[in-house]
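In what follows, a structure is listed as structure tokens, so that the remarks can point back to it.
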Amino acid sequence: MSALANANGCAGSMIQEQTRQALANCEAIVAAGGATLDDVVEVCVLLADPADFAGLNEEYARWFPVLAAPAGVQGPSGSEAA
């Protein structure tokens, strides 16, 4: 269990906590391959609720300050929405 997870193994109810846990997991996987997050060139994020993008972007920027935040949302028709 990650140090970020609670006693139930969950990252928390807030999108920032969940994003932090997901990125910590990614960091561990990348490190196991002998790399760091500085070696990451692209991140794909899928969210169930587009309203969570602001919180996700807030935490994402702490982990990937150089990469553009995944702030776009693709609508059901396939069109881009902000």
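With no solvent and one equal point scatterer placed on each C-alpha of region 19-69, evaluate the Debye formula and give log10 I(q)/I(0) for q = 0.13, 0.15, 0.18, 0.29 Å⁻¹, two decimals.
-0.31, -0.41, -0.58, -1.27
Using amide H atoms built in the peptide plane, which far-off residues or other-chain residues are under 5 Å from residue 47 H to H?
Amide H neighbours of residue 47, under 5 Å, 5+ apart: none.
By how many nm would the segment from residue 62 to residue 37 grow when fully extended, if each residue of separation counts as 0.36 nm and the alpha-carbon distance is taken off?
7.8 nm
Kindly write out, for region 13-18 in residue order, the coupling ³J(HN,Hα) from the Karplus curve 6.51 cos²θ - 1.76 cosθ + 1.60 (θ = phi - 60°), rounded to whole Hz, with x marking Gly and Pro.
Once rounded to whole Hz, the list reads 8, 7, 4, 4, 5, 5.
For region 15-64, what is the charge dipole size about the Cα centre, in debye to the nearest 20, if Lys and Arg each add +1 at the Cβ and Asp and Glu each add -1 at the Cβ? Each step should come with its number before you reach the end.
Numbers: 2 positive and 9 negative charges, 16 e Å.
I would put it at about 80 debye.
So what is the relative contact order for region 15-64, in percent, with contacts set as C-alpha pairs under 8 Å and at least six apart?
Relative contact order of region 15-64: 61 percent.
Bear in mind these aren't lab numbers, they're just calculated from the coordinates by the rules spelled out. Bear in mind that the values here come from a model prediction, so they are computed numbers and not experimental data. Neighbour counts run over all protein chains shown; Cβ positions are idealised from the backbone, glycine included.
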